[in-house]
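Here's the structure we're looking at; comments come further down.
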Amino acid sequence: MKNIKILSILFLASIFFTSCEEEIMEWEERSEEQRITTAEIPLELEEKISRYDALKTYSDYVLGAGIILDLYMNDENYRSIVNENFDEVTVGYAMKHGAMVNADGEINFEPIDDFIALTNQSGLSVYGHTLNWHANQNASYLNSLIAPTIIPGSSGANILDRSALEDGTFTGWPKNNPGDGITIVENAGLGSDSPAIELIAGSGASEPFNLQLATPDIPIVQGNEYEVSFYIKSDQPGQGRISFSGLENNYPYKDWYNTGEGTEAFETTSEWQQVTFTVSDFTDTSFGFFFDLGYVPGVTYYIDVATISVVDPNTGSETVNLISNGDFEGGNLDGWNGYGNESTRAVSAQGEGYGNTGYAMVLTNPAEAELYSAQQVFALNEPLEEGTEYTYSFYVKADVPATVQVQIQGGTAQYSGPIDIGTTWTQIERTFTPTAGNNSFVFDFGLTPATVFIDDVVLTSGEIATGSETVVIEMSDEEKAEIIGDALEHWISGMVTRYKDDVTAWDVVNEPMKEGGSLRDGNVTDLASDDFYWVKYLGKDYAVTAFKLAREYGNPSDILFINDYNLEASLAKLDGLIEFTQYIESQGATVDGIGTQMHVSLTTSRENIVEMFQKMAATGKQIKVSELDVRLGTASPTTDQLTQQADMYQFIIDSYREYVPSSQQYGITLWNISDNEQEHEFWLPDESPNVWDANYERKPAYKGVADGLAGRDVSEDFTGELE
């Protein structure tokens, strides 16, 4: 135990001695009842604070701490403070979707398993934070589940005239046998606004030619091989074939699906599928083909107009690509080199290139820097011709929204400026006029911590060959809802089941409300890279589903919370949260508690704090202060600020005790332990909001918290006796 402070001793001396400049001290014997004992000596604040016991000894409800997992696991001093002072811990990040779910949707439990094993040894309980939130999600994985399917255009120009299908006239497209109807249906194709040919087999159909649509004549070059492809589906299992005019064999058995086997017919289902094959046995300078779909009566077929193509891969534009390894189909990065910002470069796996085919170049930047701090360079064989217009194009995407730039280096550098890219393939095309000495093509990708995929890089002074159009297939809202609903169940069921014996209280839904009290809807234009709004795909009932899943896979006795921030600042937001809680319960789920984060400052309205607790208590729910800290606006507070901070902590805890009935008091969690910069790299940097200072010494706030928990000034019991 510490001795009393020297100042206290001096104070004692001052009681017994008086002095003046010219008089000698006179000693006087006092009676026993007039004597001052050491127990009566007043204590300095610092001495008082040092004599307080661990915080949890003063609390009759759960006292929690929001902590950083790595510090708890690896810093013995930090861990000992947590173990000594708290009943429960909440990890700030490590139990969230973004921290635990990998790119394949698998949950990595190992770090939390180790953490819970250590807290069990220390006698601490763990609070689950959080099962459903819009931030700190593996948004890249979730978005990939509902990403549109991109069907790349053909490798050359489409020589089949589709204009009569696109305008719905069928001019030049004979309906040799229309069955029960051959028409164009808008918005029925693969793309969201793509038309489709609808072909309906009659009830008496039994032969393929009982439903037949013919193409116009297609001019060809003798000796060349042509690729024919289209996408087709049917309302029920069906069957079709392609027959021809102008071939040596107009009724060939074809390898429709590139399986290596030839058949007369292909099968159709309710899912879009591609039929693709080649022809070369021409008898003339043109040929035609027929969609024969009369095998099965009563089937309705759809053929996507935009994907019907006939291409000669051996002809087309004479584009001379100055980037000799722009498609990476050799599975290497020959000709490319790069450096900077500890970035890495590689070739993707087969099938990860544009259009889910072939290879792509993969550039990974680990940390934010300047655009040009990480570069990937292709050195040209010779400088570009000064004054000649050039064009470059490439397909690009990233694992998170990112920014890249193109430079043409050598001589006076040319810059594209920042190019914003998303998580689906996009083609970028730019033109420029070189200056003397321009002799290398460069990707700058240092700005965004991201993995960038690049494919089909072309640099030419001619035209860029585009072939036929790319088709983007968006999922329906119903399909997205089903997929995201499954992902939510996978996540919640995995977490709650895994930690059923160790975590018995959870933040199930976190921060659902906007400031004015309305429900977040997910319609946000400037998303962070780890933002994913479940509500956008599952609607208002996303929270109902989350609570039902947490209850289904957990224990009946688990305490399930809805939680939000700024409830003391916006009582309208609190009202909205309470109303949303009532809605969730009206749909058959049970919400056990409401959490209020309470990241406050010295100027936060105390009247609002009282009214907030009163409104929350009126719900009858368990009430939790879930993330309490008191900001001072500086990392170097004055003595007066520290005193006011202690007073605000005590006021909040006193108000919680006074206005929330004891039966509804789940507890209070302090958010972070100390003002040490290790705890404030991402949360309130250059601040001093916590109960311990940057050196893990108790601040006046420690006394404020302890007195609030105890409901009295604990230091009144302290004496001046040496300890």
Notebook entry, point to check: Looking at the stretch 46-55, which of its residues are surrounded by 17 or more Cβ atoms within 10 Å (Cβ to Cβ) and either under 30 Å from Glu110 (Cβ atoms) or of a type in the set (A, V, I, L, M) (or both)?
Noted result: Ile49, Leu55
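Being assigned to a strand (DSSP E or B) and modelled with pLDDT of 95 or more is the filter here, so list the residues in the stretch 241-257 that pass it.
Step one: of the stretch 241-257, the residues assigned to a strand (DSSP E or B) are 241-245, 247, 254.
Arg241, Ile242, Ser243, Phe244, Ser245, Leu247 - these are the residues of the stretch 241-257 that are assigned to a strand (DSSP E or B) and modelled with pLDDT of 95 or more.
Let's see how each residue does on (1) in the same structural domain as Tyr696 (by TED's automatic domain parsing); (2) farther than 30 Å from Leu684 by Cβ; (3) modelled with pLDDT of 60 or more:
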| position | (1), (2), (3) |
| --- | --- |
| Glu28 | no, yes, no |
| Glu33 | no, yes, no |
| Thr37 | no, yes, no |
| Glu44 | no, no, yes |
| Asp53 | yes, no, yes |
| Thr57 | yes, no, yes |
| Asp60 | yes, no, yes |
| Leu63 | yes, no, yes |
Next item on the list: Name, by its number, the condition in (1) touching a helix residue (DSSP H, G or I) at 6+ places or on another chain (Cβ under 8 Å); (2) without any contact (Cβ under 8 Å) to a residue 60 or more places away in the chain; (3) of a type in the set (A, V, I, L, M); (4) not assigned by TED's automatic domain parsing to the domain that holds Asp486 that does not hold for Ile182.
Entry: (1)
Checklist line | Residue, nearest to Asp640 (Cα to Cα), within the stretch 695-723, restricted to residues that are small (Gly, Ala, Ser) and modelled with pLDDT of 95 or more | finding: Ala701
Check: For the stretch 57-75, does any single residue satisfy the condition of being within 22 Å of the chain's Cα centre (by Cα), in a loop (DSSP other than H, G, I, E, B) and either at negative phi or surrounded by fewer than 19 Cβ atoms within 10 Å (Cβ to Cβ) (or both)?
Finding: yes
Notebook entry, point to check: Does Ser518 satisfy being out of contact with any Lys or Arg (no Cβ under 7 Å at 6 or more places or on another chain), in contact (Cβ under 8 Å) with a residue 24 or more places away in the chain and surrounded by fewer than 15 Cβ atoms within 10 Å (Cβ to Cβ)?
Noted result: yes
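Between Glu511, Glu515, Glu568, which is in the same structural domain as Glu585 (by TED's automatic domain parsing), farther than 30 Å from Asp193 by Cα, of a type in the set (D, E, K, R) and within 18 Å of the chain's Cα centre (by Cα)? Before you say what the answer is, go through the steps one by one.
Details: Glu515 fails: within 18 Å of the chain's Cα centre (by Cα); Glu568 fails: within 18 Å of the chain's Cα centre (by Cα).
Only one candidate passes the filter, namely Glu511.
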Check: Could you count how many residues in the stretch 680-694 are modelled with pLDDT under 95, surrounded by 14 or more Cβ atoms within 10 Å (Cβ to Cβ) and among the aromatic types (Phe, Trp, Tyr)?
Finding: 1
Next item on the list: Can you work out which of the residues in the stretch 613-664 that are over 19 Å from His680 (Cβ atoms) and basic (Lys, Arg) is surrounded by the most Cβ atoms within 10 Å (Cβ to Cβ)?
Entry: Lys624
Next item on the list: Among the residues of the stretch 210-240, write down those that are assigned to a strand (DSSP E or B) and among the small types (Gly, Ala, Ser).
Entry: Ala214, Ser229, Ser234, Gly238, Gly240
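Test of understanding: among Asp654, Asp647, Asp693, Asp713, which residue is of a type outside the set (Val, Ile, Thr), under 30 Å from Met73 (Cβ atoms) and assigned by TED's automatic domain parsing to the domain that holds Asn77?
Values: Asp654 fails: under 30 Å from Met73 (Cβ atoms); Asp647 fails: under 30 Å from Met73 (Cβ atoms); Asp713 fails: under 30 Å from Met73 (Cβ atoms).
Of the residues listed, the single one that is of a type outside the set (Val, Ile, Thr), under 30 Å from Met73 (Cβ atoms) and assigned by TED's automatic domain parsing to the domain that holds Asn77 is Asp693.
Within the stretch 657-693, take every residue that is among the aromatic types (Phe, Trp, Tyr) and touching a strand residue (DSSP E or B) at 6+ places or on another chain (Cβ under 6 Å) and give me the one that is nearest to Ser125 (Cα to Cα). Outline the logic, then answer.
Taking the stretch 657-693 and keeping what is among the aromatic types (Phe, Trp, Tyr), we get 659, 666, 671, 682-683, 692.
So of that shortlist, the ones also touching a strand residue (DSSP E or B) at 6+ places or on another chain (Cβ under 6 Å) come out as 666, 671, 692.
Details: Tyr666: 13, Trp671: 16, Trp692: 22 Å.
Applying the filter and picking the extreme gives Tyr666.
Can you find a residue in the stretch 270-280 that is over 30 Å from Pro148 (Cα atoms) and outside any strand (DSSP E or B)?
Taking the stretch 270-280 as the starting set, the residues that turn out to be over 30 Å from Pro148 (Cα atoms) are 279-280.
Now drop any that are not outside any strand (DSSP E or B), which leaves 280.
Taking every residue of the stretch 270-280 in turn, at least one turns out to be over 30 Å from Pro148 (Cα atoms) and outside any strand (DSSP E or B).
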Notebook entry, point to check: How many residues are within 12 Å of Ile197 (Cα to Cα), among the small types (Gly, Ala, Ser) and not in a helix (DSSP H, G or I) when one looks only at the stretch 159-174?
Noted result: 1
Next item on the list: Say whether the condition of being part of a strand (DSSP E or B), free of Cβ contacts under 8 Å to residues at least 40 places away in the same chain and either assigned by TED's automatic domain parsing to the domain that holds Lys615 or more than 13 Å from His134 (Cβ to Cβ) (or both) is met by at least one residue in the stretch 575-587.
Entry: no
Check: If you go through the stretch 585-597, how many residues are surrounded by fewer than 16 Cβ atoms within 10 Å (Cβ to Cβ) and not acidic (Asp, Glu)?
Finding: 4
Notebook entry, point to check: Could you list, in sequence order, the residues of the stretch 540-573 that are buried (at least 18 other Cβ atoms within 10 Å of the Cβ), part of a helix (DSSP H, G or I) and of a type in the set (Phe, Trp, Tyr)?
Noted result: Tyr542, Phe547
Note to self: Checking the condition free of Cβ contacts under 8 Å to residues at least 60 places away in the same chain and either of a type in the set (S, T, N, Q) or surrounded by 21 or more Cβ atoms within 10 Å (Cβ to Cβ) (or both), which residue from Val610, Val600 passes?
What the structure shows: Val600
Note to self: Being in contact (Cβ under 8 Å) with a residue 40 or more places away in the chain, under 19 Å from Thr344 (Cβ atoms) and of a type outside the set (A, V, I, L, M, F, W, C) narrows it down to one residue among Pro434, Pro449; which is it?
What the structure shows: Pro449
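The values are calculated or read from the model by the stated rules, or taken from the named source; none is laboratory data. Because the structure is a prediction, the values reported are computed rather than measured. Using ideal geometry, Cβ is built from the backbone for each residue, glycine included, and neighbour counts are taken over all protein chains shown.
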